[in-house]
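The values are calculated or read from the model by the stated rules, or taken from the named source; none is laboratory data. Remember, it's a predicted structure, so these values are computed and weren't measured experimentally. Positions of Cβ are generated from backbone atoms using ideal geometry, with glycine treated the same way; all protein chains shown enter the neighbour counts.
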Amino acid sequence: MRKVGGAALKILVTVGVLVFIVWKLGFRQILGTVAQADPWWLIAALVLFFVSGWLGVLQWQIILKNRGVTLPFSRVFSLYFIGMFFNNFALGIIAGDAVKVAYIKIDEGHGKAGFAATFLDRFAGLWVMLGYAVFGSVLLIKQKALESGSMTLAIFALFVAFACFGGALVFLMSKRLQALAYLLIDRVPLKKKDALKRILDETIIESHDVHILLPVGVLSTVVQFMRIGVHVLCAGALGLLSAANIHYFFIFVPILAMMMAVPLPFGVRESVGGTLFALAGFRADAAIVMGFLATLVGSAASLMGGILFVMDKLHLSRKPS
């Protein structure tokens with residue numbers, strides 16, 4: 001009942017958001033904006049998203065191997081896109097990551113190693129995104145003084161989040177901080193302390209892991225640049241792109257990526273993104289449509305994961321018990 005109630009609430013929120021958008025912008029205006037979209041830009045966005053996914057598979061495979069989980073590329077590709085499918089259709093990165101970890105635990109018996117690898121993979125992506133946000137914020141500050149107090153607060157929050165992620169990275173590499181964390185775990189009344197310690201053991205970066213930092217860093221930088229590029233191409237499809245506004249994509253897309261950590265109903269993230277771009281001077285109707293187009297491009301690219309998931313289930317069902 002709880003799951004049904006949660007699903008019903010999400011549907012109600014989605015319907016409410018869509019009704020509000022139509023009431024605010026006008027149905028004809030929205031349809032006219034969608035009709036103006038250049039399909040070639042959208043096809044380019046779809047290809048770019050798929051290529052970023054392929055590079056993301058390489059990144060995750062490197063981290064998995066470093067954590068002791070060796071899988072062929074085809075299997076890593078399948079699990080990655082299955083996770084991407086659940087990310088887009090369960091509307092939150094937690095759902096997709098949980099599915100990937102569950103598969104690794106069932107197939108290889110390395111649940112904690114799979115969790116650690118998936119966490120580090122996600123951590124690298126979010127930290128790079130925040131780095132891009134800081135870069136975009138610096139460009140914005142150099143270009144003009146910040147007129148909106150809310151914009152100033154948002155940029156300050158980005159810098160704080162980037163610093164927090166930097167502190168987390170230091171923790172993952174610092175023996176002293178890790179020893180302090182273990183001491184706190186021992187003293188605080190927690191259940192399953194041993195399991196928590198084992199997860200930390202799998203997640204921390206040892207000296208012999210340093211060799212993966214460069215390839216993972218490079219891949220993550222390229223992958224997240226492409227994910228921002230998907231939004232840029234969707235803006236280009238609607239004629240919104242210019243040299244004077246491209247830095248906003250480096251600020252707002254990372255914010256939307258952080259929101260994906262929460263399983264929000266469809267339409268909420270797109271509306272927030274559209275509002276942010278509208279505050280930056282984009283046409284409100286086009287900004288909203290751009291957000292939905294970017295989501296649809298990602299969903300279309302991840303449909304392969306849904307196909308792979310069904311094929312995997314059929315394969316398991318045909319195995320003799």
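Could you check the stretch 203-321 for helices (runs of 4 or more DSSP H) lying wholly inside it with 3 or more residues that are closer than 20 Å to THR118 by Cβ, at pLDDT 80 or above and small (Gly, Ala, Ser)?
Where helices (runs of 4 or more DSSP H) fall fully within the stretch 203-321 and carry at least 3 residues being closer than 20 Å to THR118 by Cβ, at pLDDT 80 or above and small (Gly, Ala, Ser), they are 284-318.
Which residue is modelled with the highest pLDDT, if the candidates are limited to the stretch 21-55 and must be more than 19 Å from ALA294 (Cβ to Cβ) and among the charged types (D, E, K, R)?
If we take residues in the stretch 21-55 being more than 19 Å from ALA294 (Cβ to Cβ) and among the charged types (D, E, K, R), then ARG28 is modelled with the highest pLDDT.
Which one of LEU183, LEU130 is modelled with pLDDT of 80 or more and not basic (Lys, Arg)?
Exactly one of LEU183, LEU130 is modelled with pLDDT of 80 or more and not basic (Lys, Arg), namely LEU130.
Which condition number does GLY111 fail, the rest of (1) closer than 16 Å to LEU213 by Cβ; (2) free of Cβ contacts under 8 Å to residues at least 24 places away in the same chain being met?
(1)
Of (1) modelled with pLDDT of 75 or more; (2) not in a helix (DSSP H, G or I); (3) not hydrophobic (A, V, I, L, M, F, W, C), GLU147 satisfies all except one. Which?
Result: GLU147 fails condition (1) only.
Test ALA113 against the stated conditions and say whether it is buried (at least 18 other Cβ atoms within 10 Å of the Cβ) and under 22 Å from ARG227 (Cα atoms).
No; evaluated as a whole, the condition is false for this residue.
Please find, within the stretch 48-91, the residue that is farthest from HIS211 (Cα to Cα) out of those that are of a type in the set (Ser, Thr, Tyr) and part of a helix (DSSP H, G or I).
SER78
Only residues that are farther than 17 Å from GLY306 by Cβ and surrounded by 20 or more Cβ atoms within 10 Å (Cβ to Cβ): list them for the stretch 72-89, please.
Selection gives VAL76 alone.
Residue pairs, Cβ under 8 Å, 6 or more apart or interchain, first in the stretch 230-242 and in contact (Cβ under 8 Å) with a residue 12 or more places away in the chain, second part of a loop (DSSP other than H, G, I, E, B) and small (Gly, Ala, Ser). List them.
As it stands, the answer is ALA237/ALA37; LEU238/ALA37, since those pairs meet every condition given.
Looking at the structure I just gave you, is PHE252 among the aromatic types (Phe, Trp, Tyr), within 18 Å of the chain's Cα centre (by Cα) and buried (at least 23 other Cβ atoms within 10 Å of the Cβ)?
So PHE252 fits the description; yes.
Could you check the stretch 43-56 and list, in sequence order, the residues that are touching a residue at least 24 places away in the same chain (Cβ under 8 Å) and hydrophobic (A, V, I, L, M, F, W, C)?
Passing the criteria: ALA44, ALA45, LEU46, LEU48, PHE49, PHE50, VAL51, LEU55.
Please identify the pairs in which a residue from the stretch 63-75 that is under 12 Å from LEU120 (Cβ atoms) and modelled with pLDDT of 90 or more has its Cβ atom under 7 Å from the Cβ atom of a residue that is part of a helix (DSSP H, G or I) and not aromatic (Phe, Trp, Tyr), counting only partners at least 6 apart or on another chain.
Hits for this filter: ILE63/ALA117; ILE63/LEU120; ILE63/ASP121; ILE63/ILE212; ILE63/VAL216; LEU64/VAL76; LEU64/ALA117.
When residues of the stretch 102-112 are filtered for being outside any helix (DSSP H, G or I) and under 13 Å from LEU64 (Cβ atoms), how many remain?
The total comes to 1.
Is it fair to say VAL99 is within 13 Å of the chain's Cα centre (by Cα) and either at negative phi or assigned to a helix (DSSP H, G or I) (or both)?
no
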